[in-house]
1. Inside segment 378-412, can you point out the residues that are open to solvent by 80 Å² or more (accessible area, probe 1.4 Å) and modelled with pLDDT of 85 or more?
2. Which condition from (1) under 17 Å from the mean Cα position of the chain (by Cα); (2) open to solvent by 10 Å² or more (accessible area, probe 1.4 Å); (3) farther than 20 Å from N119 by Cα is the one that R136 breaks?
3. Among the residues of segment 265-315, which ones are within 27 Å of the chain's Cα centre (by Cα), within 16 Å of ligand 1 (Cβ to nearest atom), open to solvent by 40 Å² or more (accessible area, probe 1.4 Å) and of a type outside the set (S, T, Y)?
4. Applying the selection to segment 383-398, what residues are more than 16 Å from ligand 1 (Cβ to nearest atom), part of a helix (DSSP H, G or I) and not charged (D, E, K, R)?
5. Enumerate the helices (runs of 4 or more DSSP H) found wholly within segment 283-382, keeping only those where 1 or more residues are touching a Gly at 6+ places or on another chain (Cβ under 9 Å).
6. Examine segment 205-213 for a residue that is outside any helix (DSSP H, G or I), open to solvent by 10 Å² or more (accessible area, probe 1.4 Å) and in the same structural domain as I154 (by TED's automatic domain parsing), and state whether such a residue exists.
7. Could you list all residues from segment 347-377 that are within 19 Å of V317 (Cβ to Cβ) and surrounded by 12 or more Cβ atoms within 10 Å (Cβ to Cβ)?
Amino acid sequence: MTEDKQRRVAAACARQWGLITSAQIEMLGLNRQDTKRMREAGLLITLQRGLYRHHSVTETVPTVLSDARCAWLLTRPAMWGEDRLALPAPDAVLTATTALTLHGITPDAGVVVPEIAMNTQRSYRSTARILAPPDRLDWAQAQVIDGLPIARPIPALAAVIAAASADHRNPRSAELTSFVAAAVARICDDAADRPEGDAVIGQVAGVVGRRSTQVVDVAQMLATLCREAGVSEDILAQTVLVGRWNLAVPVDRTRQAVAAVLAAAFTAPSVSLPVVLADLFSVDPHQLGQVWRCAHRGCPDRATGSGYCSRHRVLEVRDRTTRPVADGDEIARSGFGIYGRLDDDGHTVLCHECGRRLRHINARHLAGHDMTAAEYRVAHGISPRVGLISGDSHRRRAQNSFDQGRPDLLRHLRPTAAQRRPPPD
Ligand SMILES: [Zn+2]
Ligand SMILES: [Zn+2]
């Protein structure tokens, strides 16, 4: 055991917060006997299996930070930390609650298992919790602080929510909701005075509104934030807490509502928060809040779960089905057409079976192909909500049915109980 070997270990430890893995010690040309002797001489202190601390380190009480460093080194013990930081994409990044704690956004929770995002599940023996990132890891999502890669606050918050939704044991826990509310408040508060404040709020709303409705009670979360901004319980009860809107509206609507509330609460508001809340969530039929309204431009009707009223829902599905193929769409051919698409030029539609263009693909035409309309729809992926009919014919028919008064028409189709009763003899 030469002094040279000890010096090499000391120098390597100095570049890694005083820590070294057994694989790294081997890379320095020391064998197991050398390591054992250094341990026995008190030069190396075992922290976990395969991980040592150099005796020169004075801070010895474990903290979230020191635990995070140990866990990160052990995710790839046979590579130097500084070489890992030079990789084109990070191999492992501290994330979720651990990252939020290291950023000072959530209070130091004491002893927590470090959470690390990794692209691949390597063989790994440490106490860290490995989370699969939703997208591939990249350096733009991470911040290297004193040699340790830590997810930026917004990706870290996304990881908290993703981990909770992957883990179904505790759906929509109040604890997670208040944790997320606190983290959102800190992130938005920090960004409020900076020029990128609006972008940050948009990103936070994207993260909270995306998959979170399953695990975070978004209405309660917004209520918590509004309470802190001084909104009274009365107003909350009439707006954000009314009608369980967060379960009823589509994800993009949730995202817009969250962004609007955060903007009003954290950036210099041009309109007061209670006005914004009423505008978004009111259930007054004369002044229906935006979250409840049909997404079709100017339609005052109340939306169903789809985000549209029943009338515009049909139009919207048709728009999607007849939209021309765009770059990047996956094109799966189906007969003469494209699977799931009604090829409509306005006057005629394409028959997937024979390639002819017709104003209306009707039962008689399909009988020639030995098919019913239902079979045709299944074969070519066309929704039952979309008529096999050209745009102008569709408009004409829709207009006719409105002119005739659709409620009456429906009443004819669905006889009431009184009408169904057999006539007396
Ligand atoms: Zn509508
Ligand atoms: Zn045909």
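The values are calculated or read from the model by the stated rules, or taken from the named source; none is laboratory data. Predicted model, so just to flag it, every value in this text is computed and none were measured. Cβ: placed from backbone, ideal geometry, glycine included. Neighbour counts: every protein chain shown. When the accessible area is computed, the model is the full protein with side chains, heavy atoms only, and any ligands, DNA or RNA have been set aside. Shrake-Rupley method; radii C 1.70, N 1.55, O 1.52, S 1.80 Å.
1. V378, P384
2. All conditions are met except number (3).
3. Q290, R293, A295, H296, R297, R302, G305, R313
4. G391, S393, H394, listed by residue number.
5. Working: elements: 310-322, 363-368, 373-380.
Hits in segment 283-382: 310-322, 373-380.
6. In the first step, residues of segment 205-213 are kept if they are outside any helix (DSSP H, G or I); the result is 211.
Filter once more, keeping what is open to solvent by 10 Å² or more (accessible area, probe 1.4 Å): 211.
This time we only want the ones that are in the same structural domain as I154 (by TED's automatic domain parsing), so: 211.
Yes, segment 205-213 has at least one match.
7. Initially, segment 347-377 is screened for residues within 19 Å of V317 (Cβ to Cβ), giving 349-350, 352, 360-361, 373-374, 376-377.
Across segment 347-377, the qualifying residues are V349, L350, H352, H360, I361, A373, Y376, R377.
Conditions tested, residue by residue: (1) at pLDDT 90 or above; (2) within 16 Å of ligand 2 (Cβ to nearest atom).
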position: V276; (1), (2): yes, no
position: V283; (1), (2): no, no
position: C309; (1), (2): no, no
position: V325; (1), (2): no, no
position: C351; (1), (2): yes, yes
position: I361; (1), (2): yes, yes
